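The values are calculated or read from the model by the stated rules, or taken from the named source; none is laboratory data. Treat the numbers as computed from the prediction; the structure is a model and nothing was measured. As a convention, Cβ positions derive from the backbone with ideal geometry for all residues, glycine included, and neighbour counts pool all protein chains shown. Remember, those area values only see protein heavy atoms, side chains included, never the ligands or the DNA or RNA. Shrake-Rupley method; radii C 1.70, N 1.55, O 1.52, S 1.80 Å.
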Amino acid sequence: RATATMGEAPEPSPQAPLAVLSKVELRVSCKHLLDRDTLNKSDPCVLLLMQSQGQWMEVDRSEVIKSNLNPVFAKIFTVDYYFEEVQKLRFEVYDSHGHAGVGTHDDDFLGGMECTVGQIVAQKRVTKPLFLKYGKFAGKSTITVISEEISGNNGYVELTFRAKKLDDKDLFSKSDPFLEIYRIDDDRSEQLVYRTEVVKNNLSPIWEPFKVSLNSLCSCEEKRKLRCVVWDYDSRGKHDFIGEFFTTFEEMQKAMGENKVQWDCMNPKYKIKKRNYKNSGVVVLLDLKIHRVYSFLDYIMGGCQIHFTVAIDFTASNGDPRNSCSLHYINPYQPNEYLKALVAVGEICQDYDSDKKFSALGFGARIPPKYEVSHDFAINFNPDNDECEGIQGVVESYQSCLPKIQLYGPTNVAPIISKVARVAADEERTKEASQYFILLILTDGVVTDMADTREAIVRASYLPMSIIIVGVGNADFTDMQILDGDDGILRSPKGEPVLRDIVQFVPFREFKNASPTALAKCVLAEVPKQVVEYYSYKAFPPRCPQPETPDSNLSSPQ
């Protein structure tokens, strides 16, 4: 299953943990579209759909281009690319009717095309005919999709342009200018990078700031030539050419700080015809900001520590630990499921934690001395310091605490999430990428405090933490699937959505016969992405970034 930027996380399978090979940018254009409008030409828009568990789901859609049967869409679709998966895509082109939305009537359907992400990536450029319903050709209509991989060291750039004293192309009013930027590729072909909005009736427009990736703008090559064109917008699609200029990203960078860069906007025809022709206006780059995109490895190498907390379910539904049917039964010959899951995940996490000390908590048991129910007790019974020395220390504390406690209930998970969140909130105040928290919850089933748990997860999604839930035993884990936002966005009881998807749920039974590394890879697959998402959202750079090398950022252990 593919995921788009706005989409869900992939469901890892026990056999082959999925690794995001890369993100891919897709650009779409069409030729010879059917004309559905009686007076004007069609106003096309493209929908991108992906197949998820046999269903086509809309992922994103392009802008609408007015009155144009050969549109080049400015919208860039971004897709996660998984090498080992067949990811089916469907592009559907519709004639849009303003407020009625897109794709409401069959007669607005201009054609569709199906392919896989792999095909587009392998061929870099795919042109296919568009088909109507029942496999009929949509006349001579074709769709072209161009793909580009986004490499790891790809930042993005924010640009603010304005123009002054542009030529007036309109009789009764002033021009309605918009700007297009094209990248000139090695084969001399031009690739549309960005199209601004139209500023109506204004010969000195200031366009809205916009962001583009460096990959998209100049293939991460500062000296690559760029062609910038200013047009006067025409609602019938016949835009008037005002002028153009050529530049490079290298030249644009002079606009950082207080400086501005400007270019004469030239119309080559006027230059030949008119003796005193100077320009058709000037275009000014008011501001340029470069945003670097960091990888998980950048944060780890910059000294970010992963702090690991394990929380173990000691509710009565696990069965009496003295009975061999119990999930907590201590078998001298082989570890129980709780221990297997703890060791598999913990051994990977301990590599990222310099002090190798793990917080180990229990919930749902009556604990000494008063035998009151607790939902967040230290399994080493030291309330001032719940940390154990390494994974082995957690295993020993677990084994020695079992005979001292009475398994009870209910299964309340929110208190432990809130406890770790309080520590993570203190860390957040340092405004540094220094500590990220992973909470591993091992439980045998149904959560009793579902509303409180959802609330706690929504709060935690704003903090430097991720939650991994491993379901032990054969219970019904439907609730857990809800907490893992893969089937939709998790919301608090009041309807507030999580800021980012921080919960990963895995039933241990799917890994019973697999190697411990398969479980660990599957459970931890999302963590690098979650770490990067959090620090990117906060705009925290790595603490002491490594010296830049050309390839320093190309790999990350996704």
Q.
I'd like the accessible area for Asp168: 1.4 Å probe, protein heavy atoms, all chains in place, Å² to the nearest 10.
A. 80
Q. What 222 nm value per residue comes from the helices of the chain, counting each DSSP H run with n ≥ 4 as -39,500 (n - 2.57) and dividing by all residues, nearest 500 deg cm²/dmol?
A. -5500 deg cm²/dmol
(Q) I need the peptides 451-462, 225-236 ranked by packing, meaning the mean over residues of other C-beta atoms within 10 angstrom, with the highest value on top. (A) 451-462, 225-236
**Q.** Sparse-neighbourhood loop sites, chymotrypsin sites (Phe, Trp or Tyr not before Pro) in the range 103-196 - DSSP loop, at most 15 other Cβ within 10 angstrom
**A.** Phe172
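Given a cut-off of 24 Å, name the pairs among Lys174/Lys223; Lys41/Lys211; Lys31/Lys211; Lys75/Lys200 whose C-alpha atoms lie farther apart than that in the structure shown. Can you show the working numbers first?
Numbers: Lys174/Lys223 35 Å; Lys41/Lys211 31 Å; Lys31/Lys211 28 Å; Lys75/Lys200 21 Å.
Beyond 24 Å between Cα atoms: Lys174/Lys223; Lys41/Lys211; Lys31/Lys211.
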Q: Using the structure shown, list the pairs from Lys66/Lys88; Lys254/Lys278; Lys164/Lys274 with a Cα-Cα distance above 27 Å, or answer none.
A: Lys66/Lys88
Q: Please work out the average accessible area per residue across the range 230-386, using the 1.4 Å probe convention, and give it in Å².
A: 51
(Q) What is the angle, in °, between the Cα long axis of helix 337-349 and the longest principal axis of the Cα atoms in the chain? Nearest 10 is fine, range 0 to 90. (A) 50
**Q.** Partner lysines for Lys404 [C-alpha distance under 28 Å; skip if fewer than 8 residues away on the same chain]
**A.** Lys340, Lys356, Lys357, Lys370, Lys419
Q) Which net charge results when you count Lys and Arg as +1 and Asp and Glu as -1 among the other residues whose beta-carbon is under 10 Å from that of Arg227? A) -1
**Q.** Percent accessible area from carbon and sulfur atoms, the range 331-456, protein chains only, probe 1.4 Å
**A.** 49
Q. What do you get when you divide the Cα radius of gyration of the range 320-400 by 2.2 N^0.38 Å, with N the number of residues?
A. 1.15
Q | 12 Å Cα-Cα reach of Lys269 towards aspartates and glutamates, excluding residues that sit fewer than 8 places from it in its own chain | A | Glu244
(Q) Test of understanding: express the Cα radius of gyration of the range 374-522 as a ratio to 2.2 N^0.38 Å, with N the residue count. (A) 1.08
Q: Give the Rg/Rh ratio for the range 241-311, taking Rg as the radius of gyration of the Cα atoms and Rh as the Kirkwood radius, to two decimals.
A: 1.40
(Q) Could you give me D for the range 491-539, from Stokes-Einstein at 25 °C and 0.890 mPa s, where the hydrodynamic radius is the Kirkwood radius over C-alpha pairs? Units µm² s⁻¹, please. (A) 190
Q. In the neighborhood of Tyr270, defined by Cβ-to-Cβ distances under 10 Å, what is the net charge if each Lys or Arg adds +1 and each Asp or Glu adds -1?
A. +4
